[in-house]
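Here's the structure we're looking at; comments come further down.
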Amino acid sequence: MIDITGFEVSGEIHSSRRNKIYRGLRQEDRKPVVIKVLNDEYPSLEELNKFQYEYEVVSKLQQIDGVIDHYQVVDYGNTKAIVMEDYNGLSVDHLIENGMALKTFFHLAVELVDILAQIHSESCIHKDIKPHNILYNLQTGQVKVIDFSISYQLSRVNQTVINPERRPGG
Ligand SMILES: Nc1ncnc2c1ncn2[C@@H]1O[C@H](COP(=O)(O)OP(=O)(O)OP(=O)(O)O)[C@@H](O)[C@H]1O
Ligand SMILES: [Mg+2]
């Protein structure tokens with residue numbers, strides 16, 4: 001198991017080409033957390049920046065209940081780890097392994113549409129909505145979106161409406 005200062009890591013929940021995801025506890029407040037770590041022991045600056053970008057984008061969306069909370073980014077060896085909320089969610093790809101009741105499906109769909117509308121109203125596009133990136137809590141029915149790694153945050157600078165008559169080259 002990995003050893004990150006300040007955290008008790010209890011188990012791995014996912015491993016992909018780029019990342020490993022663990023469950024654990026933050027020692028200072030005993031909060032249950034999920035920790036996303038870059039797989040590469042010596043990541044490039046570009047990879048580190050992308051990881052930081054994911055944290056920054058989510059930090060701006062924390063007022064939306066349906067977006068997972070990101071608590072902090074911590075150093076881990078030469079790389080970094082994102083520490084996020086563990087609200088006991090299960091990703092929908094696991095949930096549908098044994099089928100899904102129609103009632104659950106509609107509940108999920110309606111919640112998701114509402115969450116995406118809130119994300120879009122903050123000028124952010126997730127760009128990777130799929131069962132792996134949607135969490136569902138079986139006890140409460142609460143839905144949350146994760147993995148903003150390739151999301152697009154429209155900056156204020158980009159929001160200027162350009163008169164098509166005066167568009168450069170137009
Ligand atoms: N906060 C969380 N709570 C519960 N499970 C989580 C959480 N964050 C991630 N996971 C689990 O880990 C998986 C991968 O997380 P994430 O999508 O952030 O990483 P990834 O590297 O993009 O993975 P992939 O490339 O497979 O999409 C999710 O599909 C989900 O099963
Ligand atoms: Mg993902």
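General remarks:
- Relative contact order (%) - criterion: Cα under 8 Å, at least six apart; region: the chain: 18 percent
- Each residue of the range 93-102 was assigned a 3J(HN,Hα) from its phi angle through the Karplus expression (A = 6.51, B = -1.76, C = 1.60, θ = phi - 60°), giving 4, 6, 4, 8, 4, 9, x, 9, 5, 4 Hz with x at Gly and Pro.
- Alpha carbon convex hull of the range 7-85, projected area averaged over orientations, nm²: 5.4 nm²
- Residue-by-residue Karplus 3J(HN,Hα) for the range 27-44, coefficients 6.51, -1.76, 1.60, Hz, glycine and proline x: 5, 4, 10, 6, 6, x, 9, 10, 10, 9, 10, 5, 5, 5, 5, 10, x, 6
- Net dipole in debye of the range 7-85 [+1 Lys, Arg Cβ; -1 Asp, Glu Cβ; about Cα centre; nearest 20]: 160 debye
- Amide H contacts of Tyr71 (H built 1.01 Å from N, under 5 Å, at least 5 apart or other chain): Val83, Met84, Glu85
- Within straight-line cross-link reach of Lys20, lysines at Cα separation under 19 Å, skipping those fewer than 8 residues along the same chain: Lys36, Lys50, Lys80, Lys130
- Stretching Asn137 away from Asp114 to a fully extended chain increases their span by 6.6 nm, per 0.36 nm per residue minus the current alpha-carbon distance.
- Counting only DSSP beta bridges with both residues in the chain, the antiparallel share comes to about 95 percent.
- The chain - mean residue ellipticity at 222 nm from DSSP helices (-39,500 (n - 2.57) per run, n ≥ 4, rounded to 500): -7500 deg cm²/dmol
- For the range 135-147, 3J(HN,Hα) computed residue by residue from phi via the Karplus equation (6.51, -1.76, 1.60; θ = phi - 60°) reads 9, 9, 9, 5, 7, 9, x, 6, 9, 9, 9, 10, 6 Hz, glycine and proline entered as x.
- Dipole of the chain, positive end: most advanced residue of Leu116, Asn137, Asn19 [Cβ charges, Cα centre]: Leu116
- Cut-off under 5 Å, modelled amide H: who pairs with Lys80 long-range: Leu38
- Two-site FRET efficiency, Lys31 against Lys130, from Cβ-Cβ distance with R₀ of 30 Å, rounded to 0.05: 0.60
All of the numbers you see were taken from the coordinates with simple rules; none came from a lab. No experiment lies behind these values; they were computed from the predicted model shown. Virtual Cβ from ideal backbone geometry, glycine too; neighbours counted across all protein chains shown.
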